[in-house]
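Asks: Attaching a single structure in structure tokens format; questions to follow.
Nothing in this text is a laboratory measurement; each read-out follows from the coordinates by a stated rule. As the structure is a computational prediction, the values presented were derived from the model and not from experiment. Don't worry about glycine lacking a Cβ; one is built from the backbone with ideal geometry, like all the others, and counts go over all protein chains shown.
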Ligand SMILES: [Zn+2]
Ligand SMILES: [Zn+2]
């Protein structure tokens, strides 16, 4: 083990970043990954996290779920699966995919309709409110105007 320390040094950050992304179902952004690892790897920079995530995406080890509340969020589970996104707090959850065969059928029909197109990936996202947000503050639209202001 000790003899490989030098060689491992370069990949240790990379390994740690991938491990953190795969260790959670919270679909984190780069900032979250950075905050998780910074205490363990003091030399880590946010730029390094971004760069490595970009490489993981190219290697198809990590997928982007999309930009939620201004931050791009990532998933270490790369097999296609639908997501739920809370429009208020940005929580992202995995959903089961009982219609997977139907979606594959849709993809298979694409070459017949559009022979020039190729498909790289697909995304299914449902937007709404999570339980916490639903039970929290009432929707802005129903609040009497000015009543809540000081
Ligand atoms: Zn929420
Ligand atoms: Zn997911």
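Asks: In what order do 58, 72 fall by count of nearby beta-carbon atoms within 10 Å, going from fewest to most?
Replies: Ascending number of Cβ neighbours within 10 Å: 58, 72.
Asks: Could you line up 81, 27 from fewest to most neighbouring Cβ atoms inside 10 Å?
Replies: 81, 27
Asks: While we're looking at this one, here's another question. Under the rule a/c < 1.5 gives rounded, and otherwise a/b versus b/c splits prolate from oblate, where does the range 19-136 land using the Cα gyration tensor?
Replies: Oblate shape, in that a/c is at least 1.5 and b/c is the bigger or equal ratio.
Asks: For residue 38 paired with residue 59, estimate the spin-label separation in nm (one decimal), with each label point 7 Å from Cα along the Cα-to-Cβ line.
Replies: In this crude label model, residue 38 to residue 59 measures out at 2.5 nm.
Asks: Tell me whether the range 68-108 comes out rounded, prolate or oblate; compute the Cα gyration tensor, take square roots of the eigenvalues as a ≥ b ≥ c, and use a/c under 1.5 as the rounded threshold.
Replies: Prolate, because a/c is 1.5 or more and a/b exceeds b/c.
Asks: Taking 0.36 nm per residue of sequence separation and subtracting the Cα-Cα distance, how much length would be gained by fully extending the chain between residue 79 and residue 106, in nm to one decimal?
Replies: Gain on stretching residue 79 to residue 106: 8.0 nm.
Asks: Between residue 119 and residue 67, what is the FRET efficiency for a Förster distance of 22 Å, r being their Cβ-Cβ separation, to the nearest 0.05?
Replies: Computed FRET efficiency for residue 119 and residue 67: 0.55.
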